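The values are calculated or read from the model by the stated rules, or taken from the named source; none is laboratory data. Note that this is a predicted model, so its numbers are computed, not measured. Cβ coordinates were reconstructed from backbone atoms using ideal geometry, including for glycine residues, and neighbour counts include every protein chain displayed. These area figures cover heavy atoms from the full protein model, side chains too; ligands, DNA and RNA do not enter into them. Shrake-Rupley method; radii C 1.70, N 1.55, O 1.52, S 1.80 Å.
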Amino acid sequence: MLIDTTAINQQRHRFDEDAEIWIFGYGSLIWKADFPFLEKRSAYITGWERRFWQGSHDHRGTLEAPGRVVTLTPVPGAICHGMAYRITPETLAPLDHREKNGYLRELTPLFFTDNFTDDDSSTNEGDQTQGLVYLATDDNPAFLGPAPLDDMARQIAHASGPSGPNRDYLVNLAQALRHLNVDDAHIFALEQQLNRL
């Protein structure tokens with residue numbers, strides 16, 4: 001089911017026009033940064049694991065045949081690696097639209113894993129800040145939840161939407177995680193299952 005959370009997100013966590021905002025990407029935001037950003041850094045958040053449990057009716061599937069995309073599920077002690085982007089407040093509007101199918105903006109502690117920035121200024125390993133993350137919880141109408149790997153892989157193999165085949169989303173995410181030297185057992189097992197089909 002399609003739910004548009006754009007208006008809700010635009011009421012949440014308002015920022016002044018000169019605010020420094022970091023947004024954390026753990027799915028397509030890692031490899032598809034089609035929005036303006038001031039800086040990009042590898043980062044992680046704690047207490048969450050990435051799972052292909054969210055339905056995509058608007059990007060990687062349709063209302064009749066939804067695709068599967070990632071969301072986060074709470075797991076004590078877990079670490080979820082991804083990419084953080086420093087953005088201006090006006091960039092939130094297009095991101096809210098992009099992430100509208102059940103995702104809500106949440107505040108989270110964000111930990112940087114690099115010791116450099118795109119502008120070549122020096123920083124220390126382990127820097128942290130407050131950031132935003134788009135999270136689709138299990139109470140949103142597009143949530144699909146867990147399923148056997150084979151079932152998820154088959155759904156991903158057959159789904160396609162306005163942003164392209166669902167298969168590309170999984171393959172691009174797996175490649176991006178390898179590029180970041182991140183081992184994500186769920187993503188890589190699902191990719192292997194997809195390749196067997």
Share of carbon and sulfur in the accessible heavy-atom surface of the chain [1.4 Å probe, %]: 50
Note the full-extension length gain between V75 and A185 as 0.36 nm times their separation in residues minus their Cα-Cα distance, in nm to one decimal. 38.2 nm
Counting other Cβ atoms within 10 Å, keep those with at most 16, restrict to DSSP loop, and tell me which GluC sites (Glu not before Pro) in the range 39-111 are left. E64
Of L92, H158, Q130, which is farthest along the charge dipole of the chain in the positive direction, counting Lys and Arg as +1 and Asp and Glu as -1 at C-beta? H158
Could you tell me the distance between the Cα centroids of the range 97-113 and the range 14-79, to the nearest Å? 6
Farthest positive-ward along the chain dipole, Cα basis, beta-carbon charges - from F112, Q193, H59: Q193
Tell me the angle of helix 166-179 to the major Cα principal axis of the chain, expressed in degrees between 0 and 90 and rounded to the nearest ten. 40
What helix-only [θ] at 222 nm does the chain give? Using -39500 (n - 2.57) per DSSP H run of at least 4, over all residues, to the nearest 500, the answer is -7500 deg cm²/dmol
Could you tell me which of rounded, prolate or oblate describes the range 51-189, using a ≥ b ≥ c as the square roots of the eigenvalues of the alpha-carbon gyration tensor, with rounded for a/c under 1.5 and, failing that, prolate when a/b is larger than b/c and oblate otherwise? prolate
For the range 43-197, report the accessible area per residue in Å² (1.4 Å probe, heavy atoms, rounded to an integer). 45
Long-range amide H partners of I3 with built H, under 5 Å: G102
Between E64 and N172, take the C-beta separation as r, use R0 = 22 Å, and let me know the FRET efficiency to the nearest 0.05. 0.35
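Remind me, relative contact order of the chain in percent, using alpha carbon pairs under 8 angstrom and six or more residues apart?
That works out to 29 percent.
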Run the dipole for the chain about the Cα centre, Lys and Arg Cβ at +1, Asp and Glu Cβ at -1, nothing else charged, and hand back the magnitude in debye, nearest 20. 700
